[in-house]
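Each remark here refers to the structure printed beneath this line.
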Amino acid sequence: MGENLARKIIGSHLVGGKMVPGEEIAIRIDQTLTQDATGTMAYLQFEAMGIPQVKTQVSVSYVDHNMLQTGFENADDHRFLQTFASKYGIYFSRPGNGICHQVHLERFSAPGMTLLGSDSHTPTSGGAGMLAIGAGGLDIAVAMGGGAFYLTMPKIVGVHLKGRLQPWVTAKDIILEMLRRLTVKGGVGKIFEYFGEGLQDLEVPARGTITNMGAELGATTCIFPSDANTRKYFRAQGREAAWQELQRDPDSTYDEMIELDLNALEPLIAKPSSPDNVVPLSEVEGTPVAQVCIGSCTNSSYMDLMLTATVLRGKTIAPEVSMTLTPGSKQVYTMIARNGALTDMIAAGARILESGCGPCIGMGQAPPTGAVSLRSFNRNFEGRSGTPGDQVYLCSPEVCAASALTGVITDPRKLGAYPKVELPEEYMLDDNMLLSPSKEPEKVAILRGPNIKPLPLAAAQPNTVRGEVLLKVGDNITTDHIMPAGAKILPLRSNVPAISEYVFTRVDPEFPKRAKEKGGGFVVGGENYGQGSSREHAALAPMYLGLRAVICKSIARIHYANLINFGIVPLTFADKADYDQIAQGDVLEIADIGGQLNRGKRVTLVNVTKGTEIALEHALTPRQVKIVLAGGLLNEIKQGA
Ligand code: MIC
Ligand code: SF4
């Protein structure tokens, strides 16, 4: 029997394990990407491995998150990243060149290849037929050194797109519909592979919007076939040589199937404060809006911005609305500048930001208190915008643009005929902000400013792990709760001692102090703990504060891997009801943790305070058991060396 596309690519890169859903496999990685907020750590880790040059076909270091230079920290990091890339054989995408996922799709994506990125939205390049997966920085460092990437073989879900999208209904609505149906944990352990007649209307950038937000589903990744539309995109990017046709075999099957009737789809919107809080736009139409932001790695393509310009042309945004625009890349920026679309948007009153993550990660543009902010982005977790108790809604650029004009949430279908934007025949090509690595690496000196602190390592697990429950939290805790970002905290990403002062402070400002006073301990959580971003600081900084294990109902994929990489044992309740048997402040003990982890899947926990025993489970492979017992992957690599 034939294979589906995802299995074909996994199969051609398989270096360990069997392609049975739920089993651990290892795959070869062709390309890596990092961004600055996760990159400095990834490169410090790579450096610690002592490998002179990266072994991947292509590795790219982007600067797009920490662009607000309010102090020396970010500028220091940029210089470190630039010199590091030059020395170790990595392309460097300079600040201003654009958001990593947008630029990677434009300039490096390649059908059939594997890409591992230290950012959860790495699946964007799946829009061009790549198997693109987000992971923690340490996994990227290992891949750059030529090591395999270990993951649980996902189930492959076929998403059949039937019919055609109606005017003003977009790729964003497709992914919002997926989130409405499946929720933020519906994609865990799955790859979504899109197929069907609906594909013909979806150009590669629109496909990128859909695969990008696969991260919000918790999916391992998402992928589209490489077809005539993909070829058109590669030709327009001057990269037809990198294109190849890639389809599933006609007789292939999927582990699960989803059908989506595009004819029936209408504009949707995610209400605060979760990307799966999706309702038909009609439910919130007329709500007053104070801020509209178009951009982020989800919707900042040339086509998105041209559509926005067409809607705004000759008009003025509503007096109550502050509108920002962020072109996803320098390519997009220069094209809209040359053809006058930028002028139309400036004239209409939009505030134009530099190409980068910007407001998406709380780097500026925090909305006013209690007011609605409408964004074409992918995440609206509470407080992420920088305003406590924020009211962030997620929707298509079409809805954003229409609402910016009226000042209330508006159905764009009321604007009349849909000004459909075609894919350009030729994108403007100039890679002058993408620096190639040095030809004389031995002569390159790495510049490190005072913001770059050495990487802390954990101690090996003691035989008996004992400590207090430092914090007990509920379901769907995001890595934004564990390790907040934003203009104040993000610049500390290269300085673990400093950034650890902010761990869990959104949930409980006393957490870091308590963790240090108690000499570490446990965190207890509900379902889908650690969803969202790939930031390994959400494991690294708690590790620094002495966290030894997390005990949850379930744990999100990337965070789970990051916990292991930094020596924190991820455990789940055998019976979820036992969540209620532990209170914050209880003293817990796991005796002979090494023996227990090695013997089987069960781990017995003693609640010393209550005098009870609780059955826990772990899903660690023997390889992962070794890593957590050693106190993390770097320790384990050093021991093995
Ligand atoms: C995000 O969108 O939360 C980020 C910032 O891009 C993160 C990475 C990070 O925290 O550095 C992500 O999605 O992985
Ligand atoms: Fe940047 Fe936002 Fe995309 Fe993360 S989700 S990579 S912060 S634009």
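Working only with C-alpha atoms, what are the Rg and Dmax values of segment 546-631, expressed in angstrom?
12.3, 34
Highest mean first, how do 115-121, 464-470, 21-27 rank when packing is the count of other Cβ atoms within 10 Å averaged over residues?
On the way: 115-121: 29.3, 464-470: 19.0, 21-27: 15.9.
Highest to lowest by the protection proxy: 115-121, 464-470, 21-27.
What is the sum of charges around Ala341, taking Lys and Arg as +1, Asp and Glu as -1, for the other residues whose C-beta is under 12 Å from the C-beta of Ala341? Working shown, then result.
Working: positive: Arg313, Arg338; negative: Asp304, Asp344.
After counting each charged neighbour, the total is 0.
Evaluate the charge dipole of the chain about its Cα centre and quote only its size in Debye, nearest 20, assuming +1 on the Cβ of each Lys and Arg and -1 on the Cβ of each Asp and Glu.
Details: 60 positive and 66 negative charges, 213 e Å.
So the magnitude is around 1020 debye.
Of Ile269, Ala171, Val587, which is farthest towards the positive pole of the chain's charge dipole, taken about the Cα centre with +1 and -1 on the beta-carbons of Lys, Arg and Asp, Glu respectively?
Of the candidates, Val587 comes out farthest on the positive side.
What accessible area per residue comes out for the chain, rounded to a whole number of Å², with a 1.4 Å probe?
Working: 21600 Å² over 641 residues.
In whole numbers, the chain has 34 Å² accessible per residue.
Size of segment 426-474 along its principal axes in angstrom, Cα-based, largest extent first?
58, 36, 23
One-quarter of the Cα convex hull surface for segment 102-147, in nm²?
Working: hull surface 11.9 nm².
Mean orientational projected area (segment 102-147, Cα hull): 3.0 nm².
Give me the number: length gained by fully extending Ala347 to Lys414, i.e. 0.36 nm times residue separation minus the C-alpha to C-alpha distance, one decimal in nm. Walk me through the intermediate numbers first.
Values: separation 67, 0.36 × 67 = 24.12 nm, distance 2.25 nm.
Using 0.36 nm per residue and subtracting the Cα-Cα distance, I get 21.9 nm.
What dipole magnitude, in Debye to the nearest 20, does segment 481-537 give about its Cα centre under +1 on Lys/Arg Cβ and -1 on Asp/Glu Cβ? Don't skip to the end; give the middle numbers.
Working: 8 positive and 6 negative charges, 34 e Å.
Roughly 160 debye for segment 481-537.
For segment 444-583, take every pair of Cα atoms, bin their distances at 10 Å starting from 0, and report each bin as a whole percent.
It works out to 12, 45, 33, 8, 2, 0, in whole percents.
Calculated from DSSP H runs of 4 or more alone, at -39500 (n - 2.57) each and per residue, what is the 222 nm mean residue ellipticity of the chain, nearest 500?
Taken over the chain, the calculation gives -8000 deg cm²/dmol.
For the chain, what relative contact order do you get, as a whole percent, if you take Cα pairs closer than 8 Å and at least 6 residues apart? Walk me through the intermediate numbers first.
Values: 1645 pairs, mean separation 91.3, N = 641.
It comes to 14 percent, rounded to a whole number.
Starting from the Cα of Lys420, draw a straight line to each of the lysines and keep only those under 23 Å, dropping any in the same chain fewer than 8 residues away.
Leaving aside lysines fewer than 8 places away in the same chain, those within reach of Lys420 are Lys162, Lys172, Lys232, Lys315, Lys330.
Are any of the pairs Lys18/Lys638; Lys472/Lys610; Lys8/Lys190; Lys453/Lys553; Lys55/Lys443 more than 23 Å apart by Cα-Cα distance, and if so, which?
Lys18/Lys638; Lys453/Lys553
At a Förster radius of 35 Å, what calculated FRET efficiency corresponds to the Cβ-Cβ distance of Lys488 and Thr334, to the nearest 0.05? Spell out each step's value before the answer.
Values: r = 32 Å, r/R0 = 0.92.
Between Lys488 and Thr334 the formula returns 0.65.
Find the Cα radius of gyration of segment 273-432, compare it with 2.2 N^0.38 Å by division, and give the number to two decimals.
Numbers: Rg = 14.9 Å, N = 160, 2.2 N^0.38 = 15.1 Å.
So segment 273-432 has a normalised radius of gyration of 0.98.
Among bridges DSSP assigns within segment 446-605, what percent are antiparallel (round to 5)? If you can, show how the numbers build up before the last one.
Working: 4 of 18 bridges.
Of the beta bridges lying entirely in segment 446-605, close to 20 percent run antiparallel.
Once you place label points 7 Å from the Cα toward the Cβ at Val20 and Thr464, how far apart are they in nm?
My value for the distance between the label points is 3.8 nm.
Based only on Cα atoms, what mean projected area does the convex hull of segment 299-371 have, in nm²? Don't skip to the answer; put the middle values down first.
Values: hull surface 19.8 nm².
One quarter of the hull surface, i.e. the mean projection, equals 4.9 nm².
By DSSP, what percent of the beta bridges with both residues in the chain are antiparallel, rounded to the nearest 5? Mind showing how you got there, number by number?
Working: 30 of 87 bridges.
Antiparallel bridges make up about 35 percent of those DSSP assigns within the chain.
Please calculate the 1.4 Å probe accessible area of Phe46, with all protein chains present, and give it to the nearest 10 Å².
0 Å²
Let's test the formula: R0 of 60 Å, r as the Cβ-Cβ distance of Gln584 and Asp201. What FRET efficiency results, to the nearest 0.05?
Details: r = 51 Å, r/R0 = 0.86.
The value I calculate is 0.70.
In segment 76-136, with Lys and Arg counted as +1 and Asp and Glu as -1 at Cβ, which of these residues, Ala132, Thr122, Gly96, has the Cα nearest the positive end of the dipole, that is, farthest along it?
Most positive-ward Cα: Gly96.
Please work out the C-alpha center-to-center distance from segment 278-299 to segment 197-248 and express it in whole Å.
25 Å
Convex hull over the alpha-carbon atoms of segment 167-314: what's its volume per residue in Å³? Write down the numbers at each step before the final one.
On the way: hull volume 20.7 nm³, N = 148.
Here the figure is 140 Å³ per residue.
Quick one: divide the alpha-carbon radius of gyration of segment 124-240 by 2.2 N^0.38 Å and tell me what you get. Could you put the intermediate results ahead of the total?
Numbers: Rg = 15.0 Å, N = 117, 2.2 N^0.38 = 13.4 Å.
In units of the 2.2 N^0.38 Å rule of thumb, it is 1.11.
Could you tell me what percent of the accessible area of segment 27-167 is made up of carbon and sulfur, with a 1.4 Å probe and every protein chain present? Please list the in-between numbers first.
Working: 1610 of 3280 Å².
Carbon with sulfur: 49 percent of the solvent-accessible area.
Net charge near Ala574: determine it from the other residues with C-beta under 13 Å of the C-beta of Ala574, scoring Lys and Arg +1 and Asp and Glu -1. Before the final figure, lay out the partial values.
On the way: positive: Lys553, Lys576, Lys601, Arg602; negative: Asp575, Asp578, Glu613, Glu617.
Overall, the nearby charge balance is 0.
Working out 0.36 nm times the residue gap between His160 and Val507, then minus their Cα-Cα distance, what length gain in nm do you get to one decimal?
Details: separation 347, 0.36 × 347 = 124.92 nm, distance 4.00 nm.
Full-extension gain reported as 120.9 nm.
Could you list the residues of segment 138-163 with an amide nitrogen less than 12 Å from a label point located 7 Å from the Cα of Lys55 in the Cα-to-C-beta direction?
From segment 138-163, the list is 142-149.
Of all the accessible heavy-atom surface of segment 544-641, with the other protein chains kept in place and a 1.4 Å probe, what percent is carbon and sulfur?
Numbers: 2050 of 3910 Å².
Percent of accessible area from carbon and sulfur atoms in segment 544-641: 52.
When only alpha-carbon atoms count, how far does segment 33-113 stretch along each of its three principal axes, as whole angstroms with the largest first?
41, 31, 17
In segment 251-359, carbon and sulfur make up what percent of the accessible area (probe 1.4 Å)? Each step should come with its number before you reach the end.
Numbers: 1960 of 3900 Å².
Solvent-exposed carbon and sulfur of segment 251-359 make up 50 percent of the total.
Starting from the Cα coordinates of the chain, work out the convex hull volume and express it per residue in Å³.
Taking the convex hull of the Cα positions in the chain, it is 140 Å³ per residue.
First measure r as the distance between the Cβ atoms of Asn432 and Lys315, then evaluate 1/(1 + (r/R0)^6) with R0 = 22 Å and state the FRET efficiency to the nearest 0.05.
Working: r = 35 Å, r/R0 = 1.58.
Given R0 = 22 Å and the Cβ-Cβ separation, E is 0.05.
Report the charge-dipole magnitude of segment 293-430 in Debye, nearest 20, computed about the Cα centre from +1 at each Lys and Arg Cβ and -1 at each Asp and Glu Cβ. If you can, show how the numbers build up before the last one.
On the way: 11 positive and 12 negative charges, 44 e Å.
Result for segment 293-430 is approximately 220 debye, rounded to the nearest 20.
Using a 10 Å cut-off on Cβ atoms, rank the peptides 191-200, 93-102 from the highest mean neighbour count down.
Numbers: 191-200: 20.6, 93-102: 26.9.
Put in order of decreasing packing, that is 93-102, 191-200.
With the Cα gyration tensor of segment 396-487 in hand, give its eigenvalues times 5 under a square root as the equivalent ellipsoid semi-axes, listed largest first in whole angstrom. Before the final figure, lay out the partial values.
Working: eigenvalues 417, 231, 33 Å².
Square roots of five times the eigenvalues give 46, 34, 13 Å.
The values are calculated or read from the model by the stated rules, or taken from the named source; none is laboratory data. All values derive from a computational prediction rather than experimental measurement. A quick note on method: Cβ atoms are made from the backbone with ideal geometry, for glycine too, and the neighbour counts reach across all protein chains shown. Just so you know, the surface numbers come from the protein's heavy atoms only, side chains and all, with ligands and any DNA or RNA stripped out. Shrake-Rupley method; radii C 1.70, N 1.55, O 1.52, S 1.80 Å.
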